[in-house]
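Okay, structure first, notes after.
Nothing in this text is a laboratory measurement; each read-out follows from the coordinates by a stated rule. Every value quoted in this text rests on a predicted model; they were computed, and no experiment measured them. With ideal geometry, Cβ positions are generated from the backbone for all residues, glycine too; neighbour counts draw on all protein chains shown.
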Amino acid sequence: GHPVYRDMPATIFEKMSARARETGAINLGQGFPDAQGPDDILRAAAEALLHRSNQYPPSGGLPELRQAVAAHYERHQGLDLRAEEVIVTSGATEAIAASLFALIQPGDEVLLLAPLYDAYLPLVERAGGVARIARLTPPDWRITREALDTMIGPRTRLLILNNPLNPSGSVMAREDLAMLASFCLDHDLIAICDEVWEHVTFDGVRHQPLMAFPGMRDRTVKIGSAGKIFSLTGWKLGWMCAAPPIATLLGRAHQFLTFTSPPNLQWAVAEGLGKPDDWFTAMRAGYQASRDRLVRGLGDAGYAVQQSAGTWFVTVDLAASGMALNDVDFCERIIGEAGVAAIPISAFYPDAAVTHLVRLCFSKSDAVIDEAVARLGAFR
Ligand code: PMP
Ligand code: GLN
């Protein structure tokens, strides 16, 4: 089996951001934009704060937001969700926790794919689950049905899928999603789909929700986050969508985790979700230009960069860049010597199995990207 954490680790994102704050380094570690976020959504939140109720909304979320999420997914992804199938949470993180608390009994096995977002493993384990971890293979981050089948035990209940994938920025191919769907059906698994990056895709790639694949409608928990859709990471407003029997269980867990989330943010996000298609197209184009700027800059500076198809991240391949440092040492050196913070990809593996990749966040202004590139170029 894979080694597992016995204690909750300190999250790499807070660790690196704290170091960046102390040292004044440019923070390309933790994923957040350096812009303010959409002005109209900020104003809607301010308006609601001043002129609407600031008391507890219903635990499942404001009906208007639940309806807006359902309508949004119908318009953008062709899903047929009803408002009652949407539960509003305090970020995707709470949705992941609620899903695990609701859907496993102690001793149940949960299948994870590495690299894995850092919250998954501690939450699986504290929910009493036993993690089974299969690996996606770089640089294309794919996995075979055979590899997955070997991970199944008599008590495997859930698969957690993050697509588009943080940290690699890869987007799962349609045929691989179809394979995962039939895998879930064959083994009677519920899929927890962390799709927070669903709108942040590039080069014409469009997000395909696993929930839309045959047989998955009633065995998928689809998780989203306004933090990623609207570049408002500090808002921590998200949701989980599932068919009624599952949604009922999710709602029960949610009532005892946070019960509800700030109503003014819910109003503002409900409004934002109705933005016209060209807003989303422009948002994608903006981040794609930033991605291209960082990739080009790092490439000119002699770094080998893996292109990303989505998210706010690209990865530098240290080995292919001719650098003898592992990812942790590289991140340590560049924060101290170059004044740039980054995230070592080994933090996304319980056993630090991959040590030649470093994640850099490009949701920053051109000036910040250029300065980071200049510093990393001088470091080489
Ligand atoms: N899952 C993934 C894959 C993420 O990248 C993030 C945040 N970057 C989250 C969950 C957490 O989202 P939230 O801030 O809405 O809790
Ligand atoms: N998900 C963000 C990232 O990948 C970090 C969120 C957090 O700090 N918890 O950088």
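Let me know the volume per residue of the alpha-carbon convex hull for region 160-312, in Å³.
It comes to 136 Å³ per residue, whole-number rounded.
Once phi is turned into θ = phi - 60°, what whole-Hz ³J(HN,Hα) does the Karplus curve with 6.51, -1.76 and 1.60 give for every residue of region 179-193, x standing for Gly and Pro?
Whole-Hz 3J(HN,Hα) from phi for region 179-193: 4, 5, 4, 6, 4, 4, 5, 4, 9, 6, 9, 8, 9, 9, 9.
Across 10 Å bins from 0, what is the distribution of all Cα-Cα pair distances for region 254-380, in whole percents?
Calculated P(r), rounded to whole percents: 12, 35, 24, 19, 10, 0.
In whole Hz and in residue order, list the ³J(HN,Hα) couplings for region 197-206 that follow from phi through the Karplus curve 6.51 cos²θ - 1.76 cosθ + 1.60, θ = phi - 60°; x for Gly and Pro.
Along region 197-206, the couplings run 8, 3, 8, 9, 10, 10, 6, x, 5, 10 Hz.
Using a simple charge model, +1 on the beta-carbon of Lys and Arg, -1 on the beta-carbon of Asp and Glu, nothing else, what dipole does the chain show about its Cα centre, in debye to the nearest 20?
The dipole magnitude comes to about 300 debye.
Sticking to Cα atoms, compute the Rg of region 39-274 to one decimal and its Dmax as the biggest Cα-Cα distance, whole number, in Å.
Rg and Dmax of region 39-274, Cα atoms, are 17.2, 56 Å.
Tell me the label-point distance for the pair ALA378, SER182, using the 7 Å Cα-to-Cβ offset, in nm and rounded to one decimal.
It works out to 5.6 nm between the two label points.
What 222 nm value per residue comes from the helices of the chain, counting each DSSP H run with n ≥ 4 as -39,500 (n - 2.57) and dividing by all residues, nearest 500 deg cm²/dmol?
-12000 deg cm²/dmol
Could you tell me which of the pairs LYS15/LYS275; LYS236/LYS275; LYS222/LYS275 are separated by over 24 angstrom between their Cα atoms in the structure shown?
Exceeds cut-off: LYS15/LYS275.
What order do you get for ILE160, ILE334, ILE152 when you list them from fewest to most C-beta neighbours inside 10 Å?
Arranged by neighbour count, lowest to highest, ILE160, ILE334, ILE152 become ILE152, ILE334, ILE160.
Counting other C-beta atoms within 10 Å, and keeping those with at most 12, which DSSP coil trypsin sites (Lys or Arg not before Pro) do you find in region 155-236?
Those that pass, being in a loop and sparsely packed, are ARG206.
Spelling out what I want: for every residue of region 146-154, take phi, set θ = phi - 60°, compute 6.51 cos²θ - 1.76 cosθ + 1.60 (Karplus), and round to whole Hz; glycine and proline get x.
Taking θ as phi minus 60°, the curve returns 4, 4, 5, 4, 5, 8, 7, x, x Hz for region 146-154.
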